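A.B. asks: Got a structure for you, written out below as structure tokens; questions coming shortly.
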Amino acid sequence: MLSLRFDDVDYTQADTRWCIDATMMELKRSEVDLLKREFKIGQLLCSNCCYTAKYLEILEEESEDGRYKAAIIMEDCGAKSLSSMIPPAGFSITEFLKISISCAKGVQAVHRNNIIHKDIKPSNMLVGDDGFVYQIDFGCATKLQEQMEQASASLKKTYGTLAYVSPEQTGRINRSIDYRTDFYSMGVTFYQLLTGKLPFQSRDLMELIHQHIAVEPPPLPSHVPPVLRDIVSKLLNKDATDRYQSNQGIIHDLQTCQENLI
């Protein structure tokens, strides 16, 4: 896993750009190569859709002792991390629907480019002043074809952030990873946006993995309309075949809720 990630974004504005502060970050050559790969994926996505923050350039420096420093420069679109905006008891239904629809459209744009994000979570989303949600951090992302080719090698290896990973992404079950893994992570994210809490919580990492694989999440609070509870529940299905099978289905159901509940 990279030691330099978008969670380290310096939100101070300088030259209207975001800059990951890498002055104290020392990386291995292999980590710099992975960062370059992430940058290429980010550039591909931001050139083909408007739901990804623009990747402007990558900086790299090798010191005399053979150590490396690197940084990715991103455009400053005046957005804030979604994770910093979640109220203690979750968003109102109106705000949730606005954010979740934009989030789902962003994930759809990523998938249309045959990319699986594999680390969907609030801290990897930036919300603009207009409510527009931008996807960032493609350090775990893979192209769909690459994921299919390395499916057997993925077993026993966990990708992404453990609190948000799908059962198949834990590497503990014999199931391949495809775009539907992002739907599960989206379900965890939506649960958190509605309640202010994660559906599964444990300091024991193996227990957390077990919960993702075999434990049902606590019911959403009663103020959440049943139709929204059904959407989140479907996203959080343990079996990928029981989840939504397309981004468009998620977007359609959320937009229908927005039309009928607001």
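A.B. asks: Residue by residue through region 198-232, note down the ones that are farther than 14 Å from residue 93 by Cβ and in contact (Cβ under 8 Å) with a residue 40 or more places away in the chain.
C.D. replies: 205, 208, 209, 212, 213
A.B. asks: Within the bounds of region 184-192, is there any residue that is of a type in the set (Val, Ile, Thr) and under 20 Å from the mean Cα position of the chain (by Cα)?
C.D. replies: yes
A.B. asks: Given the structure, is residue 198 in contact with a helix residue (DSSP H, G or I) (Cβ under 6 Å, 6 or more places away or on another chain) and surrounded by fewer than 21 Cβ atoms within 10 Å (Cβ to Cβ)?
C.D. replies: So residue 198 fits the description; yes.
A.B. asks: Within region 201-229, count every residue that is within 22 Å of residue 168 (Cβ to Cβ) and in a helix (DSSP H, G or I).
C.D. replies: 10
A.B. asks: Then there's this: Can you tell me which residues in region 233-262 are free of Cβ contacts under 8 Å to residues at least 60 places away in the same chain and touching a helix residue (DSSP H, G or I) at 6+ places or on another chain (Cβ under 7 Å)?
C.D. replies: Result: 235, 236, 253.
A.B. asks: Here's a follow-up. Taking region 157-210 only, how many residues are farther than 20 Å from residue 105 by Cα, touching a Leu at 6+ places or on another chain (Cβ under 6 Å) and not hydrophobic (A, V, I, L, M, F, W, C)?
C.D. replies: So the answer is 2.
A.B. asks: Looking only at region 203-233, count how many residues are within 21 Å of the chain's Cα centre (by Cα), hydrophobic (A, V, I, L, M, F, W, C) and farther than 17 Å from residue 261 by Cβ.
C.D. replies: 4
A.B. asks: So is residue 233 under 19 Å from residue 124 (Cβ atoms), among the hydroxyl-bearing types (Ser, Thr, Tyr) and surrounded by 15 or more Cβ atoms within 10 Å (Cβ to Cβ) or not?
C.D. replies: No.
A.B. asks: Further question on the same structure: So in region 67-101, with the set limited to residues that are part of a helix (DSSP H, G or I) and of a type in the set (D, E, K, R), which one is farthest from residue 193 (Cα to Cα)? Outline the logic, then answer.
C.D. replies: Here is the first cut: in region 67-101, the residues part of a helix (DSSP H, G or I) are 82-84, 93-101.
Imposing the further condition that a residue be of a type in the set (D, E, K, R) reduces the set to 95, 98.
Working: 95: 9, 98: 11 Å.
Among residues in region 67-101 that are part of a helix (DSSP H, G or I) and of a type in the set (D, E, K, R), the one farthest from residue 193 (Cα to Cα) is 98.
A.B. asks: Given the options 38, 26, 95, 64, name the one that is modelled with pLDDT of 70 or more and surrounded by fewer than 18 Cβ atoms within 10 Å (Cβ to Cβ).
C.D. replies: 95
The values are calculated or read from the model by the stated rules, or taken from the named source; none is laboratory data. Here the structure is a predicted model, which means the values were calculated and not measured. Cβ coordinates were reconstructed from backbone atoms using ideal geometry, including for glycine residues, and neighbour counts include every protein chain displayed.
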